[in-house]
Structures are given as structure tokens and as C-alpha cells.
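Structure, as C-alpha cells:
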Amino acid sequence: MTTVGLRERKKVQTRNALIDAALDLFLTQGYEATTIDQIAAEVDVSPRTFFRYFASKEEVALSLFADSLEIFLGDLAARPDSEPPYTALSQAMRSMVGALQDVDPADAARFVKARELTESTSALLAGQMRLLMENEKRLVAEVARRQGVGADDLLPQFVVSVFTGIGMICFGSGKQHLDVMAKRLEDVLTLADGSFRPGWDLPPADVSPSGDA
């Protein structure tokens, strides 16, 4: 068991080293000008090792964003099935931001650096949007499962669309530290809570295809 633990820690260290090297190179010499060979050389590994962790430059650049989406999905799946969609999604988002806040300073700095890179690189903004769209489909499926309805039902689509917008407000509003994003999240959720409740807490049977209750 100790050997497995050491092996896993080594993998995490190598993955983080590749992310750090990639972010530094992207920010100093440009995303398009940086090659995978250069990233691997910075970590003193082969390009083949790089591809064990990431499929492309875009994937390494957006890896922390993708990780945060996975945390969100995992936290949502862990919420009690009895919770209405608003409560489950808002609590999952709070948990995700809380988890990001609890990381060590090096991880926090890495996250902020990745956001800075993405916001200044059009190709990565497009890639981030693709990830959001893929994630939105998974969220709709999870909310529909929890509500016992199909993914084409209006309620899951509505709630997830609103929360996608909340995420974009919280994470796409400039070069902020994680504690600032956490405060912004609470402010936005408070606004949403006052504006939409109890409408999106209604059970699926109360929402007709035409949108009439």
C-alpha cells in the first residue's frame, strides 16, 4: 500500500510540474508559439510522458478548469436525492469553491494563473466554452435523474442554464483570487435565491412543456 501511495503522489507531482511548465511557457512566449516538446523539456521528461497525462496543449492549459467541473459534478451527485434542484446545485457549487479555497498556496496560484491565460487566449476561451457545453449536458442528465424525469424536461434544462450563467459570472469576471470568487458566488446565489425561488424548486409535475404551471 505504501508503494502505491508513493506512485500516486509521484504522478500528481509530475502532472502539476507539467501544468506549471506549460502555464509559464504559455504566458511568457505565447500559447501558439509553445510546443509540447518545450513543455516536456522544462520538466525533464519525454513528450511521450507528457501524452500519458494530457492529450494536447489545450488539455493541459484547461486541466484545472476541467478538474473544477469534475469536483462540481461529484459534489452534485453526492447531494441527497431529496433536495430540490436549486438547493442541490447551489450547495454543490459552494462545495466546489470551498474545495478550491482549501488548496495550498501553490495550487491557488496555479489556478489563478490558468484563468489569466485562458482569458487572454481566444483559442482557450473557445475550448473552455466547449467544456462548459459538455458539462452542461452532464448536469442536465444528473438533475433529470434526481427528479425522475427525462433530460428533455424543462426544469433540469432551466436550472442548469441558470447555474451555467452563475458560474460564468463567478469565474469569468477578471483575475480574482479564490476568496474573492467565493464571496462573489455567495452574492450571486443570494440574488438568484431572491429572484427565482420558489419557481425552480417546483416538482417536475408542476412544469408543463408550455411553461405554464
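What the table shows:
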{"quantity": "Residue in segment 72-84 that is surrounded by 12 or more Cβ atoms within 10 Å (Cβ to Cβ) and closer than 20 Å to residue 110 by Cα present", "calculated": "yes"}
{"quantity": "Flag for residue 51 being open to solvent by less than 60 Å² (accessible area, probe 1.4 Å) and of a type outside the set (D, E, K, R)", "calculated": "no"}
{"quantity": "Residues located in segment 67-126, provided they are under 13 Å from the mean Cα position of the chain (by Cα) and aromatic (Phe, Trp, Tyr)", "calculated": "72, 111"}
{"quantity": "Selection count, segment 1-49, where residues are on the phi > 0 side of the Ramachandran plot and part of a helix (DSSP H, G or I)", "calculated": "0"}
{"quantity": "Residue count for segment 73-99, restricted to those that are in contact (Cβ under 8 Å) with a residue 40 or more places away in the chain and in a helix (DSSP H, G or I)", "calculated": "13"}
{"quantity": "Matching residues in segment 100-122 - criterion: being open to solvent by 40 Å² or more (accessible area, probe 1.4 Å), assigned to a helix (DSSP H, G or I) and touching a helix residue (DSSP H, G or I) at 6+ places or on another chain (Cβ under 9 Å)", "calculated": "101, 106, 107, 113, 116, 119"}
{"quantity": "Matching residues in segment 133-148 - criterion: being open to solvent by 20 Å² or more (accessible area, probe 1.4 Å), touching a residue at least 40 places away in the same chain (Cβ under 8 Å) and on the phi < 0 side of the Ramachandran plot", "calculated": "138, 142, 146, 147"}
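The values are calculated or read from the model by the stated rules, or taken from the named source; none is laboratory data. What you see is a predicted model, and the numbers here were worked out from it, not measured in a lab. Methodologically, a virtual Cβ is constructed for each residue, glycine included, from the backbone with ideal geometry; neighbour enumeration extends over all protein chains shown. Surface areas here come from the heavy atoms of the whole protein model, side chains and all, with no ligands, DNA or RNA. Shrake-Rupley method; radii C 1.70, N 1.55, O 1.52, S 1.80 Å.
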